There are 4 protein chains.
Amino acid sequence: MVGHSSHKDDLLKRLRRIEGQIRGLQRMVEQDAYCIDVLTQVSAASSALQSFALRLLDQHVECCVRDAIAEGGQEAGAKIREANQAIARLVRS
Amino acid sequence: MVGHSSHKDDLLKRLRRIEGQIRGLQRMVEQDAYCIDVLTQVSAASSALQSFALRLLDQHVECCVRDAIAEGGQEAGAKIREANQAIARLVRS
Amino acid sequence: MVGHSSHKDDLLKRLRRIEGQIRGLQRMVEQDAYCIDVLTQVSAASSALQSFALRLLDQHVECCVRDAIAEGGQEAGAKIREANQAIARLVRS
Amino acid sequence: MVGHSSHKDDLLKRLRRIEGQIRGLQRMVEQDAYCIDVLTQVSAASSALQSFALRLLDQHVECCVRDAIAEGGQEAGAKIREANQAIARLVRS
């Protein structure tokens, strides 16, 4: 759950921009654009996707993990482990 | 230039699948999916984008760079430098 | 602060292994090893360094961030922001 | 084979600096430095290792791969595939 609706709007705006970048890549391939130019555009889309993930993770830690810890109990430990695993997947992907 | 049309079809198929993943992410955010599930899906899309880039780079080195080197002359050095810069951007992104 | 001394021992053991890998790389370069073999060894050292970072981050969130949140107050927000920034640096490096 | 001895000196100097960074990390952990400061230092060492790899790859493509392609024959294809696999490992690590 993403929380505040302004956060949700920001996330959706980012995803729509990334979708546009992916469609731009399709046009480049269809029109036989030069490989290196396509690769430059791929790097831009990758960075945008990474920034999206970091923003989402920020919000997750700020809301869900923080609430679970503040409430205490077993839930807190589980939330922390879950977040740490998501971070590891991001760092490695 | 991507070269063989079977290569081009493969690249376009990959991009359409990534576009589908990005649209899936939008639906997840719209429907308030759990952050960690969204992040897992982001990692999948990132990996797919990375594989696309590596496939494209393979083909570029195999065709364009190879031809330039085989022909010799200054063009070869320029092509190699250009490919190395694209690799550095990929490794760092 | 790394916390438990068993954690500290584990972290130090990992770093000594990485130091050994870096010295191994120096020997390879000195003895004119084949580039591709050197690069394979670099990838291994990079992965080991990444695993070290993830382990350290785990422990940091598990101890420091968790304690700060449990205590509440402004400190908690600062710790979360600090951890999120460290995660962003890791994901981007 | 790294080729020119100035290249070799540059590579060794980079590795010795990275070894120093890893030893610095050990001192930080031994002296219970703050986790976030340790992580910042890890990011610096990771970036240095990545730059080392990119430099080595540059030199490999510039010498070995280029020579193999200029000579032609089957060797060229094998060298290109080998370099592409090394690049993929780097991008993914």
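Quick note: the coordinates plus some simple rules give every number you see, no bench work behind them. Computed from a predicted model, the values in this text were never measured in an experiment. Using ideal geometry, Cβ is built from the backbone for each residue, glycine included, and neighbour counts are taken over all protein chains shown.
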**Prompt:** If Lys and Arg each add +1 and Asp and Glu each add -1, what is the summed charge of the other residues whose beta carbon sits under 14 Å from the beta carbon of B:Gln85?
**Reply:** +1
**Complete:** Gyration tensor on Cα atoms of the range C:7-92, a ≥ b ≥ c root eigenvalues, a/c under 1.5 rounded, else prolate if a/b beats b/c, else oblate, says prolate
**Message:** Using Cα-Cα distances under 8 Å and only pairs 6 or more residues apart, what relative contact order does chain D have, in percent?
**Reply:** 26
**Fill in**
Simple SL model, points at 7 angstrom along Cα→Cβ for D:Ser51 and A:Lys13; separation in nm is 3.5
**Request:** Using Cα centres only, tell me the gap between the range C:1-65 and the range D:18-78 in whole Å.
**Result:** 13
**Item:** Inter-copy label distances at C:Gln74 (7 Å, Cα→Cβ; nm, one decimal)
**Value:** 3.8, 6.2, 7.2
**Asked** Counting only Cβ atoms, what residue of chain A lies nearest to the axis that sends chain A onto chain C, and how many whole Å off?
**Response** A:Ile69, 2
**Prompt:** Quick one: net charge of A:Glu62's neighbours, Cβ under 11 Å, K/R +1, D/E -1?
**Reply:** +1
**Prompt:** For the protein assembly as shown, what does the alpha-carbon gyration tensor say about shape, rounded, prolate or oblate, given a ≥ b ≥ c as the root eigenvalues, a/c under 1.5 as rounded, and a/b over b/c as prolate?
**Reply:** oblate
**Fill in**
Taking a label point 7 Å from the Cα of C:Ala33 along Cα-to-Cβ, the residues of the range D:71-93 whose backbone nitrogen sits under 19 Å from it are D:82-91, D:93
**Asked** Measuring from a point 7 Å out along Cα→Cβ, what nm distances, shortest first, does B:Cys63 have to its partners in the other copies?
**Response** 3.1, 4.6, 5.5
**Message:** Can you return the aspartates and glutamates within cross-link range of B:Lys13? Criterion is Cα-Cα under 14 Å, with same-chain partners fewer than 8 residues away left out.
**Reply:** A:Glu30
**Asked** Counting only complete DSSP H runs, which helices of chain D cover 24 Å or more along their long axis at the Cα atoms and score a mean Kyte-Doolittle of -1.0 or above?
**Response** D:35-60, D:74-92
**Asked** Using the Cβ atoms and a cut-off under 15 Å, what net charge is assigned to the surroundings of B:Val29, where Lys and Arg are +1 and Asp and Glu are -1?
**Response** +1
**Label point distance in nm, D:Ser5-A:Ser6, each placed 7 Å from Cα along Cα→Cβ** = 6.5
**Prompt:** Label-to-label distances across copies for B:Glu30, with labels 7 Å out along Cα→Cβ, in nm, shortest first?
**Reply:** 2.3, 5.8, 6.2
